[in-house]
Amino acid sequence: MLTAKNLAFSYDNAKPVLDGFSLSLKAGEVVSLLGPSGCGKSTVLRIVSGLLDAEQGRVEWHSDPDVAFVFQDPALMPWASIEQNVALPSRLSGKVDDSRVAEALAAVNLTSLEKRFPAMLSGGQRMRASVARALSANPSTLLMDEPFAALDEILRFQMNDLLLDLVAERGFGVLFVTHSLFEAAYLSDRVLVMQEGKVAGEVIPSLDRSLTPNAQRGSSAFVSAVDAMTTLLKVIEQ
Amino acid sequence: MKRFLLPIAAFTALLLFWQYYVTTNDVPKFVLPSPSLIWLAIIDNMPLWLDASLSTLSVTIKALSAAIISGVLLALAFSLSRTFEATIYPFAIILQVTPVVAIAPLVIIWVGIDNVERAQVIIAWIVAFFPILANMSAGLKSVDANLSDLFTLYGATRLQRFRLLLWPTALPYLLASLKVSGGLALIGGVVAEFVAGSGTATGLAWRIIEAGNRLQIEKMFAGLFMLAIIGMLVFYSFALLEYYVLKRFGQENT
């Protein structure tokens, strides 16, 4: 439903951040972008979302281009309740839909805290609120920029499973930027390893989703996916 | 409790020492009157003090209102156009760094000969306006970049961006500046009255000058005391406003 072809971009005429980057994303698919800092991962998300315009290449949509964004920082409005924060996308579009907001809050298990303000919540709860806000926009594509990087490992595992459940349930596509090999291997249908503004290689973990989360993380498919990514990243370093 | 009791205890101790020192050393009352004498000067002339306080407070409030409106509007204009900000901001700084005592005589001559209050309000506005402009500008610039991106992504109109993002972000900054500007407006009003001298002035500053000219030092102290009360009233009103507004928005910790 989304194809990006030969994207090129540079900030302030410096060395190009993206140079001939391409990707495709299908509905219900999780694609991770993995690579060293400054390889252009976040720039891809900004171009796909329309916040930035590519200098070359183009982004093609084969469905409604409605995207939602989740950042590493929950980026909640501190002066608004969780419910008001989650309702932000519908409020801005002028179509306030209470049932959709309630549904999004329920999906991340925050219904009981909807009247609280962000400062009263834990880091994990705030991130769930941030995901709920994205869900309430009812996106066909979810763009996530290292969303769980600031969480501790137990919370990150929980958020990973929550995300996989939501994808299975709602069928949106996810473009996921991460620094973590393990997170990429666990979440993704495909991992794009990036180098100097383009895709250096693709890894397909193909985990057996019928296993428990820990069994998946201990499976040989998981280990060889991590191995393949490590090899690609080592080649990049040299 | 400590926050109230300790300063009150210290103040009481100071008054007692003052009274004791002045009495035992026979200090003449035209050099340093005793606290009890000052208290009598307040009580005996209550209608006068209330009248003068009301006049000073009215100048302060008018100047502060003008400062809030002009400071907020100018900060908004700055946030809309960097060019406009670069052009105008230096003038605001010039107005701020030039001592108000030096500007006051001019303002008095231009608009204050027949109506001192008008000049007082303008002078007080000049000093009160800059902290509001500076803080409001800083507040509007401190908008969370990610949130700003989300507003763009979800198609916010300019009005929505202002009402739902810029204004609430800047509000704590504005409230903090009011505590400063409230005190400055009072100072500006007093300075104006000192510069104007007699004429039609009716505020506390004029009562202080008048008492000084008659060598009624205890009345000077009484006037100072009333000024201090008004200053604290203004400061704590805004501190309270800040506390309740921020509490209502759930961000008293930020």
Checked pairs for the range A:64-81, first more than 9 Å from chain B (Cβ to nearest Cβ), second hydroxyl-bearing (Ser, Thr, Tyr) and in a loop (DSSP other than H, G, I, E, B), C-beta under 9 Å and 6 or more apart or across chains, list as A:64/A:140; A:65/A:140; A:66/A:140
For residue B:171, state whether it is within 14 Å of chain A (Cβ to nearest Cβ) and touching a residue at least 24 places away in the same chain (Cβ under 8 Å).
yes
Filtering the range A:23-47 down to residues that are over 12 Å from the mean Cα position of the chain (by Cα) and β-branched (Val, Ile, Thr) yields A:43, A:47
Subset tally (residues that are within 13 Å of chain B (Cβ to nearest Cβ) and within 12 Å of residue A:128 (Cβ to Cβ)) for the range A:85-113
3
Which is modelled with pLDDT of 95 or more and out of contact with any Pro (no Cβ under 8 Å at 6 or more places or on another chain), of A:96, A:70, A:86?
A:86
Within the range B:108-143, which residues are open to solvent by less than 20 Å² (accessible area, probe 1.4 Å), over 12 Å from the mean Cα position of the chain (by Cα) and under 27 Å from residue B:82 (Cα atoms)?
B:133, B:136, B:137, B:139, B:140
Report, by residue number, each residue of the range A:46-71 that is within 20 Å of residue A:107 (Cα to Cα) and part of a loop (DSSP other than H, G, I, E, B).
A:66, A:71
Residues that are at pLDDT 90 or above, of a type in the set (Gly, Ala, Ser) and over 23 Å from residue A:226 (Cα atoms): does the range A:41-51 have at least one?
yes
Across the range A:94-128, what is the total count of residues that are over 21 Å from residue B:247 (Cα atoms), buried (at least 18 other Cβ atoms within 10 Å of the Cβ) and among the aliphatic types (A, V, I, L, M)?
7
Within the range A:35-63, of all residues that are at the interface with another protein chain (Cβ under 10 Å from one of its Cβ atoms) and free of Cβ contacts under 8 Å to residues at least 24 places away in the same chain, the one farthest from residue A:97 (Cα to Cα) is A:46
Within 14 Å of another protein chain (Cβ to nearest Cβ), in a helix (DSSP H, G or I), within 15 Å of the chain's Cα centre (by Cα) and among the aliphatic types (A, V, I, L, M): does that describe residue A:132?
yes
Please verify whether residue A:100 is closer than 30 Å to residue A:231 by Cα and of a type in the set (D, E, K, R), treating the condition exactly as stated.
no
Residues of the range B:191-228 that turn out to be in a helix (DSSP H, G or I), open to solvent by 60 Å² or more (accessible area, probe 1.4 Å) and without any contact (Cβ under 8 Å) to a residue 12 or more places away in the chain, as a count:
1
Residues in the range A:64-81: is at least one out of contact with any helix residue (DSSP H, G or I) (no Cβ under 6 Å at 6 or more places or on another chain), over 26 Å from residue A:48 (Cα atoms) and surrounded by fewer than 23 Cβ atoms within 10 Å (Cβ to Cβ)?
yes
Only listed residue being touching a residue at least 12 places away in the same chain (Cβ under 8 Å) and open to solvent by less than 10 Å² (accessible area, probe 1.4 Å), chosen from A:164, A:155, A:143
A:143
Hey, can you tell me all the residues within the range A:84-113 that are over 20 Å from residue B:164 (Cα atoms) and part of a loop (DSSP other than H, G, I, E, B)?
A:108, A:109, A:110
In the range A:186-225, which residues are more than 19 Å from the chain's Cα centre (by Cα), crowded, with 18+ Cβ neighbours inside 10 Å and β-branched (Val, Ile, Thr)?
none
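In the range B:34-79, what residues are open to solvent by less than 30 Å² (accessible area, probe 1.4 Å) and outside any helix (DSSP H, G or I)?
Our first condition is that a residue be open to solvent by less than 30 Å² (accessible area, probe 1.4 Å); within the range B:34-79, this holds for B:34-35, B:38, B:41-42, B:49, B:52-53, B:55-56, B:59-60, B:63-64, B:67, B:71-72, B:75, B:78.
Within the range B:34-79, just B:34 meets the criteria.
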Set B:102, B:92: member being away from chain A (no Cβ under 14 Å), open to solvent by less than 50 Å² (accessible area, probe 1.4 Å) and at pLDDT below 95
B:92
Scan of the range A:7-45 for residues that are in a strand (DSSP E or B), under 23 Å from residue A:140 (Cβ atoms) and open to solvent by 40 Å² or more (accessible area, probe 1.4 Å), ordered by number
A:22, A:24
Within the range B:166-182, residues being of a type outside the set (Phe, Trp, Tyr) and either closer than 22 Å to residue B:86 by Cα or crowded, with 21+ Cβ neighbours inside 10 Å (or both) number 8
Given the conditions (1) over 30 Å from residue B:48 (Cα atoms); (2) touching a Phe, Trp or Tyr at 6+ places or on another chain (Cβ under 9 Å); (3) open to solvent by less than 30 Å² (accessible area, probe 1.4 Å), report the number of the one that residue B:161 does not fulfil.
(3)
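The values are calculated or read from the model by the stated rules, or taken from the named source; none is laboratory data. Keep in mind that what you see is a predicted model, and the values were worked out from it rather than measured. When we count neighbours, we look across all protein chains shown, and the Cβ atoms used for this are built from the backbone with ideal geometry, even at glycine. Side chains included, ligands, DNA and RNA excluded: accessible areas come from the protein's heavy atoms. Shrake-Rupley method; radii C 1.70, N 1.55, O 1.52, S 1.80 Å.
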